[in-house]
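Below you'll find the structure, written out as structure tokens, and then a few comments.
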Amino acid sequence: MNNNDKDDLLNIDPSLLAILACPEDKGPLWFIESEHLLYNPRLKRSYPVIDGIPVMLVQESSTVGDAEHQRLQGIISAQGLNPTFNA
């Protein structure tokens, strides 16, 4: 597997990304590709993306602390990331 193949495994199909919502509050998520996760800042909850597949199970998600929340919000802001959809 070359580097391009690895990069493809991290990408989520844009048509899938456009319909992804948090399974808990049904709101939009932010895909932070460099962190391999989808993030819900309202609940401070992250969902892993494994081999390009979002794991959208609440029991598989992680709740982040205040410092990690601020770090992820900083990435979202610095990279100008958009939510998966506009609520």
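Within the stretch 9-16, is even one residue out of contact with any strand residue (DSSP E or B) (no Cβ under 7 Å at 6 or more places or on another chain), part of a loop (DSSP other than H, G, I, E, B) and surrounded by 12 or more Cβ atoms within 10 Å (Cβ to Cβ)? Yes - at least one qualifying residue is present in the stretch 9-16. The sole residue among ASP25, ASP8 that is more than 14 Å from the chain's Cα centre (by Cα) and modelled with pLDDT of 95 or more is ASP25.
Can you tell me which residues in the stretch 49-64 are touching a Ser or Thr at 6+ places or on another chain (Cβ under 9 Å) and surrounded by fewer than 14 Cβ atoms within 10 Å (Cβ to Cβ)? Those that are touching a Ser or Thr at 6+ places or on another chain (Cβ under 9 Å) and surrounded by fewer than 14 Cβ atoms within 10 Å (Cβ to Cβ): VAL55, SER62, THR63. The residue of the stretch 65-86 that is surrounded by the most Cβ atoms within 10 Å (Cβ to Cβ), among those that are in a loop (DSSP other than H, G, I, E, B) and free of Cβ contacts under 8 Å to residues at least 24 places away in the same chain, is GLY65.
The values are calculated or read from the model by the stated rules, or taken from the named source; none is laboratory data. Just so it is clear, the model here is predicted, and its values are computed rather than measured. As a convention, Cβ positions derive from the backbone with ideal geometry for all residues, glycine included, and neighbour counts pool all protein chains shown.
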